[in-house]
Structure formats: structure tokens, C-alpha cells
Amino acid sequence: MNSKEYVQSVYNQVEKRNPNETEFLDAVKEVLTSLEPVFDNHPEYIEAGLLERVTEPERVVSFRVPWVDDQGKVQVNRGFRVQFNSAIGPYKGGLRFHPSVNQSIIKFLGFEQTFKNSLTGLPIGGGKGGSDFDPKGKSDNEVMRFCQAFMSELQKYIGSDLDIPAGDIGVGAREIGYMFGYYNKIKNVREQGVLTGKGLTYGGSLGRTQATGYGLVYFTNEMLQDAGKSFRHQRVVVSGSGNVAIYAIEKVQELGGTVVACSDSDGYIVDDNGIQLDLIKEIKLVRRGRIKEYLEKVPTAKYVEGFTGIWSVKCDIALPCATQGELDVEAAKVLVKNGTYAVAEGANMPSSLEAIKVFIDNDILFGPGKAANAGGVACSALEMSQNSMRYSWTFEEVDEKLKRIMADIYTNSKEAAVEYGYDNNLVVGSNIAGFLKVAESMMAHGIV
């Protein structure tokens, strides 16, 4: 069996075993199509059934989460934790609280996380988890009761040397605090490193809040500089307005770019004079408001209902930072038509496979999420290191380590692409670079 036949046969098996799990199947297909040349060079991987093992999670946990709302009514949500691959270290990956969460999404995220974590060069495996609980509109007490109910089950499967969750969409410092406090209460321990994304007063890391957004811009800047370009005087569109988007905007502005649009799940704003970041922070981080409130202070800006239209805003650089599947093939064509020359993903697979093909076919500089948005998990691993040492680094020390990690991810992805005959294709390069470290570790461990 040649490598093409092998990869196709494994995908067919994955598809048969996971019917209707669209998000997971798309993620597997995107990675597997990049790996054919690897198996030409390493036929021993085929003999070892490596791809069959890499595409099957080591453990999938699904559980009931009953909790009581402020009206005294019992609510029931569903919780998940997927421990995908521990070949290079303990499982590491965020928890997502959002109505869209299901097993397919968590498996897709865990699969992606395995290779993203590998790219950081740090000893962390891949995992992911979450719930279909929606914290939006809930009181602090309701969020606390849910987090405690969620952790009462999750605690059976995690630990600082086993599986270390962090935050993701819908899970910020508030939620991490509630879960961390309850974990330590019911386990009767003080296990500092069991969660990352913690507050600074109880084991968190300086720079963690900014890490994914800053890391995205550091990676993109490496990509731009390699092409003889920079952020300076460029129009930039950033989708989303959570932590990733906010700190991507902050770093782009520091590097001389002008961010002209951002969004939330209701719609998007356009400010040709440049987004006023302090106002966005006040609306989204302090008041937990909606992006359209921006117009109350900046009436010259424009607000448009529906967030998908943000990609029609003319820009030089696009940074999708909201959620998976937000940038489809039609949006990609509009970006190309409008002269956008660089796209880098700050979310997990925000661009559809068809959109990515449009970018590659049109020689757009493209930074895939598993490489470009690895800054968050990289800083989480740095938080784990500090917890283990009972020590904390300064913001500047963490930021410098993050810069170096993102530069190394870019370099390793580019070199892998060149080595395997895919010059300037960072999608293939990052997939191969991430996969090889996992593959070598799995081969060393035998069939386990």
C-alpha cells in the first residue's frame, strides 16, 4: 500500500467510525491530506499503524451536569473531556462553555490541540473539553454553581501530571477561579498546576491573558517580515472582541498597524480612523456589553448587524479571531478581490477548507491556527512551569519566551514545508512539523 492509499484508507475508517461529526472529520481531513509525503519517507509509520492511532482519541468522557438556577429550577447540561494524545506530555487544552459544544467539536479541538501543542516545543499532549452551558446572561452565582457541578465530575479525570485544562470560549478568569477553588476543596489538596489561566494571586502567569492575541501577531509579523512586509501603515481587520481579538488589536497597534474593524456574535463595527481599543476593553471586558455600544461614544463609526460580513471590509491583513467556520469560501474570494495579502488565524479553524484553498491558490500569506494561535497554550505551559517551581516570571520574561516560541513555530513550519516540497505552504508545514514530534514519540513508546 502506497502512502496515498494508506492515508485515504485511514480517513475512510475515521469517517465510518464517526458519522455526522462534521467538525472532527474536517479537521482530520485537513491534517491527513498534508501528511502523504511523510509516509513516503517513513514507511515504518504505516507498519506501526501510526495514523490509525493518532486519529483515535485515547479517552472520551461525556457526563451529566445538573445545577440549580437563581429561580430554583434544576438545569441539566452535558460536559465533555477528550484526552486525545499524551505521547509528548500530559493532556493540555482548554474548556469551552458555549451552546454549540458537542462531542464532534470537542474531538476536533482536541485533535488540533495535539499538533498545536507539539509545535510549541513544550512537553504537553493534546486534550480539550467543555459544555453546552452558556454563561452569557447568567448571574455570577449561577456561573459558580454550574462550574462547581461541572468540576465535581471533571475532577476524576484531571491532575497536574495527567490533564491540565485551561480556558477557551466562555471560560475566563471568573470560571477558572470557581473551578480551581472547588477542585482543591473536594480533593483536599492545594494542587497549584491543575488548571491554567488562573488569577495572579493564586498561581496565574503574567502575560497569559494577552498570550494568544500577542502570539498571533508575533507569528504574523515573522511571516510578513519574511516576505519583506510589516504591519506598519497597514489596514487590518480583526474578527471577534474577546481576549484574543482585543490583545491582537493591541499588539497590531503597537507595531504601527491600523485596525479598522472588529466584531461580536451580533454584528461588527467599522472605524476608518482606527478602533479605539480602550473603549472596546471597557465595553467587552468591564461591562460585558455588545460591540454596537461603540457607536454611543464614536458616532462616526459604522455598525452592521451580522458578524460574517466583516470580511467585506477592505484590508491588507485579516486576522480571524472569533470561532471556527467564520470565514467561508465566498468571504475568502472577497478578501482576495479587495487586495488582502495576508491572513492569519487567531481562532481554531476559523477558515473553511475551501477558503484555505482560495488563499493558497492566490499566493496569500496564510498562517493556520494550529501554528498562529499557539501562543495561549504556550503561555499555559509556561504557567505550569512556574507552578512546578513555586516561582513567577516577570511580564517581560514571559513575553520574551512567547516571542521566541512563536518565531520558532514559524521557522519550523516553514522549514518542514520546504523539506517536503511545499514551499510557502504553512498549512502543510505546520501539520508535518507538529505530527513528526508526536510520531517519533509514539514510535519510541511502542504499541500503547
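Less than 12 Å Cβ to Cβ from Asn221, Lys/Arg counted +1 and Asp/Glu -1: what total charge do the surrounding residues give? Counting the neighbours of Asn221, the net charge comes to +1.
If R0 is 56 Å, the Cβ-Cβ spacing of Lys281 and Met443 corresponds to a FRET efficiency of close to 0.75.
Taking a sphere under 15 Å around the Cβ of Glu44 and counting the other residues whose Cβ falls inside, with K and R at +1 and D and E at -1, yields a net charge of -3. A simple spin-label model places the labels of Thr201 and Ser265 3.0 nm from each other, with each point 7 Å out along Cα-to-Cβ. 3J(HN,Hα) couplings calculated from phi for the range 65-81 with the Karplus curve 6.51 cos²θ - 1.76 cosθ + 1.60 (θ = phi - 60°) are, in sequence order, 10, x, 8, 10, 7, 5, 8, x, 8, 6, 10, 10, 10, 10, x, 9, 9 Hz; Gly and Pro show x. For the range 195-290, what class follows from the C-alpha gyration tensor (a ≥ b ≥ c being the square roots of its eigenvalues): rounded when a/c is under 1.5, otherwise prolate if a/b is larger than b/c, else oblate? Oblate, since a/c reaches 1.5 and b/c is not below a/b. Taking Lys and Arg as +1 and Asp and Glu as -1, the other residues whose beta-carbon sits under 11 Å from that of Gly89 total 0. Relative to the current alpha-carbon distance between Glu330 and Leu295, full extension at 0.36 nm per residue lengthens the span by 9.8 nm.
Between the listed residues Tyr341, Gly367, Val329, the Cα displaced farthest toward the positive end of the dipole of the range 325-369, a dipole computed from Cβ unit charges relative to the Cα centre, is found at Tyr341. FRET efficiency for Lys16 and Ala48, Cβ-Cβ distance as r, R0 = 25 Å, nearest 0.05? Plugging the Cβ-Cβ distance into 1/(1 + (r/R0)^6) gives 0.70.
The loop-placed trypsin sites (Lys or Arg not before Pro) in the range 69-163, going by DSSP, that have at most 14 neighbouring Cβ atoms within 10 Å of their Cβ come out as Lys73, Lys136, Lys156. Averaging the Cα positions of each part gives two centres, and for the range 182-227 and the range 363-430 these lie 14 Å apart. Three semi-axes describe the equivalent ellipsoid of the range 98-184; taken as square roots of 5 times the Cα gyration tensor eigenvalues and ordered largest first, they are 23, 16, 11 Å. Extension gain, Val68 to Arg174, is 36.3 nm, computed as 0.36 nm per intervening residue step minus the present C-alpha separation.
When both the range 253-296 and the range 87-135 are represented by their alpha-carbon centers, they are found 28 Å apart.
Evaluated with a Cβ-only charge set (Lys, Arg +1; Asp, Glu -1), the chain carries a dipole of roughly 1280 debye about its Cα centre, given to the nearest 20.
Stretching the chain fully between Met389 and Asp226 yields a gain of 55.0 nm (0.36 nm per residue, less the alpha carbon separation).
For the range 369-432, trypsin sites (Lys or Arg not before Pro) meeting the loop criterion (DSSP other than H, G, I, E, B) and having at most 13 other Cβ atoms within 10 Å: Arg390. Beta bridges assigned by DSSP with both partners in the range 59-191 are antiparallel in approximately 65 percent of cases.
FRET efficiency for the pair Asn273 and Val76, taken as 1/(1 + (r/R0)^6) with r the Cβ-Cβ distance and R0 = 41 Å, rounds to 0.30.
Coordinate-derived values only; no laboratory data. As the structure is a prediction and not an experimental result, all values here were calculated from the model. Cβ sites come from the backbone with ideal geometry, for glycine too, and all protein chains shown count toward neighbours.
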